[in-house]
Amino acid sequence: MKGIKMLSTIIVMLKMSLTALWILALLGLLSLSPLPAEYQFYLLALAIIVLLVHFIEFFTMRANFKNHTKSEMNFRQTMLWGLGYWLPILKHYQEQAKLKT
């Protein structure tokens, strides 16, 4: 039970961090960023790297996700939250499968 609570906390923190990243990147693209201009380049580079990682993650995890959950993986959710989106769903279905056996 402690592991599940810790995982939930990590997922929430990950989603909060990614939300902050996406907001700051969007504000930077609109020239409304509260960050100094010299940091904005690094923030946008980080946002692009995160998007690329999530893109790769979507295609590598899609088949595994479908095998375990019998449903399709949402592309937009994966691009925004990455494993913060699909890991809780996958864990839920794996726990249900354990309970059935």
What net charge is computed for the residues neighbouring residue 82, neighbours being all others with C-beta under 15 Å from the C-beta of residue 82, Lys and Arg scored +1, Asp and Glu -1? +3
Note: the chain at 20 °C, 1.002 mPa s; Kirkwood Rh on alpha carbon pairs; Stokes-Einstein D in µm²/s works out to 141
Could you list the GluC sites (Glu not before Pro) in the range 53-101 that lie in coil according to DSSP, counting only those with at most 13 other Cβ atoms within 10 Å of their Cβ? 72
The chain - percent relative contact order, Cα under 8 Å, separation 6 or more: 25
Work out, step by step, the length gained on full extension between residue 79 and residue 60: first 0.36 nm times the residue separation, then minus their alpha carbon distance; give nm to one decimal. 5.5 nm
Residue 51-residue 93 pseudo-label distance in nm [points 7 Å out on the Cα-to-Cβ vector]: 2.8
Note to self: with every protein chain in place and a 1.4 Å probe, the range 1-100 gives an accessible area per residue in Å² of 73
Taking a threshold of 22 Å on the Cα-Cα distance, which of the pairs 15/100; 66/98; 2/98; 66/91 fall above it? 15/100
What part of the accessible area of the range 1-100, given as a whole %, is carbon or sulfur when the probe is 1.4 angstrom? 71
I'd like to know which of 16, 83, 52 lies farthest towards the positive end of the charge dipole of the chain, counting +1 on Cβ of Lys and Arg and -1 on Cβ of Asp and Glu. 83
Rounded to the nearest 20 debye, dipole of the chain from Cβ charges on Lys, Arg, Asp, Glu: 600
Highest-first arrangement of 86-92, 46-52, where packing means the average Cβ count within 10 Å: 86-92, 46-52
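The values are calculated or read from the model by the stated rules, or taken from the named source; none is laboratory data. Predicted model only: the values in this text are computed from it and were never measured. We place every Cβ from the backbone using ideal geometry, glycine too, and count neighbours over all the protein chains shown. Note: areas computed on protein heavy atoms with side chains; ligands, DNA, RNA excluded. Shrake-Rupley method; radii C 1.70, N 1.55, O 1.52, S 1.80 Å.
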